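First comes the structure, then the notes that go with it.
The values are calculated or read from the model by the stated rules, or taken from the named source; none is laboratory data. Just so it is clear, the model here is predicted, and its values are computed rather than measured. All Cβ positions, glycine included, derive from the backbone under ideal geometry; neighbour counts span all protein chains shown. Ligands, DNA and RNA are excluded from the accessible area calculation, which covers all protein heavy atoms including side chains. Shrake-Rupley method; radii C 1.70, N 1.55, O 1.52, S 1.80 Å.
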Amino acid sequence: MTIDSLPVEPASATVEVTDARPHLDYYLVGGRVPGTTVEGIVVEEFTRDRDFTTTGLDSAGWTPQAGWWSSASLSRDMRTDPEVLARVVPTTRQEAEDVYRALGGGQLPDETLLRTHFLNHQPIASAPPLRLGPAQPPAGFHERRVYRVLFAKDLRAEQVAALRTAWRTPEAGTSAAGAGASAASGRLDEHGDQFTWDLRRVGHTLAWGLDVTALLATDATVSLGSTVSELTNVLRQHGLIPVTTERFS
């Protein structure tokens, strides 16, 4: 199995809200030569504040030669170093299990045990929410929140098209061209709460950002966290690597 042959497309890009503890994120790491076989696995989990903004990142890597080890620098390089970015592919736990077994690791430990390998926590600085948009929510809602999830790596045109189709993005007024333009967007109504989101290039087109606006009519903030998490996972399964989640209001 080579890193270039690994699937990074989900079966669908729908949003399914759940209340369970988020699963860990899995990545496969290839060799330094393009097309070489997978050499290891990285497992990660973000730590978050009560309002779901990112406060830190825990990670552990595994290779057949070294076993499990923890390194905050590897997680940073996965998001900032072009050479490392090219070698890392987001994957599912099932795929990670198959690779772990194929590389001689046996059965991949469950997630409770995997978390015991998180020994080198990487803090991520956060700041009070910036006000973006009107201070008061529309009639019928008691709170308005805006989040931005930043991602490293890039999306191919066909991946953006697949997201637009799955999220039922309106054709009019949405284009991937131009700085800050929305490439794909969607909407979800959940028990009176309303969630809308836009995916766009940010940072002078060097990264991708997912902007999520939540209009809350209920006290079910768990749904908010689950929605942001599920949207993040959809884009991770399309090949992007999440960097941080910020709150703007």
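Electrostatic tally near HIS121: other residues with Cβ closer than 11 Å to its Cβ, Lys and Arg +1, Asp and Glu -1, net -2. In terms of Cα atoms, the Rg and Dmax of segment 177-225 work out to 13.1, 38 Å.
Measuring with a 1.4 angstrom probe and ignoring ligands and nucleic acids, TRP208 comes out at about 10 Å² accessible.
Solvent-accessible surface of segment 65-117, taken per residue with a 1.4 Å probe and all protein chains present: 53 Å². Quick one: how many Å² of PHE52 are accessible to a 1.4 Å probe, rounded to 10? That residue has around 50 Å² of solvent-accessible surface.
Summed over all non-identical Cα pairs, the Kirkwood treatment of segment 136-243 gives a radius of 14.3 Å. LEU108 sits among other residues whose Cβ lies under 11 Å from its own Cβ, and their net charge, with Lys and Arg +1 and Asp and Glu -1, is -3. For TRP167, neighbours were defined as the other residues whose beta-carbon sits under 11 Å from its Cβ, and their charges (Lys and Arg +1, Asp and Glu -1) total +2.
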